[in-house]
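J.: Here it is, the structure, as structure tokens.
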Amino acid sequence: MGNRYSGCWGWYQSNKNREYVISGAANGTYFIDITNPQNPVVCDFVGGKKGCTWREIKTYQNYCYVASDDAKPNTFQIIDMQYLPDSVQLIHNSNSIFERGHTLWIDQNKLYVGMTTFSTGSSPMSIFSLATPSAPVLLKRIEQDISINLINQVHDMLVRNDTIYASAGWQGLHILKYVPAQNTLQPLSTYASYPFAGYNHSSFLTQNGKYLLFCDESPASLPVHMIDVQNINNPQLLQTFKMRPQTTAHNPYIIGNQ
């Protein structure tokens, strides 16, 4: 059957009280109205690189940001969703901001891009301002403040109130702080030499911010880790667990505090 779908995201249109699924597919991005979950309606489709294995999606205000880490040539897309459920408008589709990104996260009015490839050069992670949501502006590349000997790639990141939980692959989990007033990144702590360590893939915080779950993608069958991050400078392991003996957890997502 081949690869059909990849990343997905949800968006709530508050002025029309409608809900949407935004689904990345091998050939582009679908916008699906699920306000009535018994009768989903495909509202529009935006084409992208064909045969795409990875497509990542995040939203801010009425804008949808779509990136892919598939091979060049590729583009970063910005899509205006204000006209849904009738249609969407593709307002940016080029490599002028960046060309490829493996993962996206939005915190406040900033867009974080893991493993960013620009038209020339690349960065383990980059941060863009969304002060003008239709035209992101590069603020910082992580290697400007953090040595690539410490972090040479950020596979995925979760950011809350400028605190970055960066899954850095074989270099473990790194907790950083972005300081907007100085436009700097400061390392807070590193959690790397832990039991059953592998390729640190992705993480998620409990709603109260006290605990972090993260998953190691490789080698296979590693457990999920839960750590206490109440002392942000000294994370502590609480437990590891698996649903089934041979499973490999990929992406955690938590609602609430349990």
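The values are calculated or read from the model by the stated rules, or taken from the named source; none is laboratory data. Everything quoted here is computed from the prediction, not taken from an experiment. Cβ: placed from backbone, ideal geometry, glycine included. Neighbour counts: every protein chain shown. All accessible areas refer to the heavy atoms of the entire protein, side chains included, with ligands and DNA or RNA removed. Shrake-Rupley method; radii C 1.70, N 1.55, O 1.52, S 1.80 Å.
J.: Is there a residue in region 213-221 that is among the polar types (S, T, N, Q), out of contact with any strand residue (DSSP E or B) (no Cβ under 7 Å at 6 or more places or on another chain) and open to solvent by 20 Å² or more (accessible area, probe 1.4 Å)?
T.: Yes - at least one qualifying residue is present in region 213-221.
J.: Separate question: Among the residues of region 173-192, what is the count of those that are open to solvent by 50 Å² or more (accessible area, probe 1.4 Å) and outside any strand (DSSP E or B)?
T.: Total meeting the criteria: 3.
J.: Any idea which of 142, 151 is closer than 22 Å to residue 198 by Cα and either charged (D, E, K, R) or in contact with a strand residue (DSSP E or B) (Cβ under 6 Å, 6 or more places away or on another chain) (or both)?
T.: None of the others qualify; the one that does is 151.
J.: Residue 254 versus (1) β-branched (Val, Ile, Thr); (2) in a strand (DSSP E or B); (3) closer than 20 Å to residue 108 by Cα: which is the lone unmet condition?
T.: If we test residue 254 against (1) β-branched (Val, Ile, Thr); (2) in a strand (DSSP E or B); (3) closer than 20 Å to residue 108 by Cα, just (2) comes out false.
J.: Quick one: in region 123-154, of everything that is of a type in the set (S, T, N, Q) and within 17 Å of residue 166 (Cα to Cα), which residue is surrounded by the fewest Cβ atoms within 10 Å (Cβ to Cβ)?
T.: Within region 123-154, the match that is surrounded by the fewest Cβ atoms within 10 Å (Cβ to Cβ) is 149.
J.: Looking at region 1-49 only, could you name the residues that are part of a loop (DSSP other than H, G, I, E, B), at positive phi and either in contact (Cβ under 8 Å) with a residue 40 or more places away in the chain or small (Gly, Ala, Ser) (or both)?
T.: 2, the sole residue that qualifies.
J.: Turning to a different aspect of this structure: How many residues are farther than 18 Å from residue 213 by Cβ and either assigned to a loop (DSSP other than H, G, I, E, B) or within 14 Å of the chain's Cα centre (by Cα) (or both) if we restrict to region 136-172?
T.: 14
J.: Hey, can you tell me all the residues within region 1-29 that are in contact with an Asp or Glu (Cβ under 8 Å, 6 or more places away or on another chain), at pLDDT 90 or above, buried (at least 17 other Cβ atoms within 10 Å of the Cβ) and of a type in the set (Ser, Thr, Tyr)?
T.: 20 - this is the single residue of region 1-29 that is in contact with an Asp or Glu (Cβ under 8 Å, 6 or more places away or on another chain), at pLDDT 90 or above, buried (at least 17 other Cβ atoms within 10 Å of the Cβ) and of a type in the set (Ser, Thr, Tyr).
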